[in-house]
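A short write-up of the structure that comes next.
The numbers here are math on the coordinates, done by the rules we state, and not lab data. As the structure is a prediction and not an experimental result, all values here were calculated from the model. Here Cβ is always computed from backbone atoms with ideal geometry, including for glycine, and neighbour counts include all displayed protein chains.
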Amino acid sequence: MRGKRPTNRLEFPHYSNILDSLLMAQYIFLTLAAISVLSALSMVLSKNPVHSVLFLILTFFAIAGQYILLNAQFLAVVHIIVYAGAIMVLFLFVLMLLNLSKEAEPQKSSVWKLSAAITAGMLLVTMVGALRGGIEVNIPATPNSQVGLVENLGKVLFTDFVVPFEIAGILFLAAMVGAVLVGKRDLRM
Amino acid sequence: MLEAIQTIPIDYYVYYATLLFVIGVFGVLVRKNAIVVLMCVELMLNAVNLLLAAFSTYLSDAQGQIMVFFIMVVAAAEAAVGLGILVMIYRNTKSTDISLLDNLRH
């Protein structure tokens, strides 16, 4: 028995590594969830709209971390490019363009704020109460970890979802033309 | 990697996404600035996206993630057109206060 102790000592750290990595997923999930929820709340509650945009970008990065944790690498990359890279820059740009300051920020009355908080709280209670009965999904015992990779999603996107993909292109074109037309100062050339 | 994911019950993702969605609803109700209201709508879309991606991964079904991709496409188009409309509104009213936009009520 004494002769085997070195091998045991070699095996033990390996085992604890697996245990740590199992718990590590939960730690990462909870940390990212806390960051995103707190920064989402700060976004709603901060008076300055620029701070709101920055807190929302932090929320989006935490959600991108959740996608990476879910092994949805394509979604994580697209999420960062589209949301943090394009949409939030657009929001920030419009905010700077309109030159909205903290003083110009309209505020709702405290009665309205209280009723909004009560409404949102009741919505949360209702949704959680409806979900508490248990979510019955048959999760497969051996999940396919490759499902979120770029290769697999590309194959699905360009075989089963070709028509919606092309329609998305048309939608973007229509949105672009619409945004330009709406933003034009006078419609005559 | 995915075995580590399965130590997180799918219920956690459901409650987490619900919380983010409700924060978005609260923001839409409580804020008067139209830009921040649009941002709260984006937050609600993201809560739904996260839930779709979580179920897609847990069920090994790629269609959920494709759906997230299309939601992102529509969200980008919506943000562009919405912000264009907002700039137009600002030109006319010199404000982004949504409570000024009650012309249809009169």
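Annotations for the structure displayed:
- Neighbouring partner chain Cβ atoms per residue of A:72-81, average, 10 Å criterion: 4
- Extension gain for the segment A:Ile170 to A:Gln26, taken as residue separation times 0.36 nm less the Cα-Cα distance, is 47.7 nm to one decimal.
- Here the residues B:Ser60, A:Ser36, A:Ser145, ranked from fewest to most Cβ neighbours within 10 Å of their Cβ, fall in the order A:Ser145, B:Ser60, A:Ser36.
- Other residues with beta-carbon under 12 Å from the beta-carbon of B:Leu38 carry, at +1 per Lys or Arg and -1 per Asp or Glu, a net charge of -1.
- Cut-off 14 Å, label 7 Å out along Cα→Cβ of A:Asp160, residues of the range B:61-82 by amide N: B:61-70
- Residue exposure sequence - B:Asp97, B:Asp102 - by fewest surrounding Cβ within 10 Å: B:Asp102, B:Asp97
- Using the Karplus relation 6.51 cos²θ - 1.76 cosθ + 1.60 with θ = phi - 60°, the per-residue 3J(HN,Hα) values for the range B:95-106 come to 7, 10, 6, 6, 6, 6, 8, 10, 5, 6, 6, 8 Hz, with x marking Gly and Pro.
- Chain B: angle of helix B:63-93 to the longest principal axis, Cα-based, in degrees nearest 10: 10 degrees
- Gaussian network model of chain B, springs between alpha carbon atoms under 10 Å - residue of B:Leu19, B:Leu52, B:Leu43 with greatest fluctuation: B:Leu19
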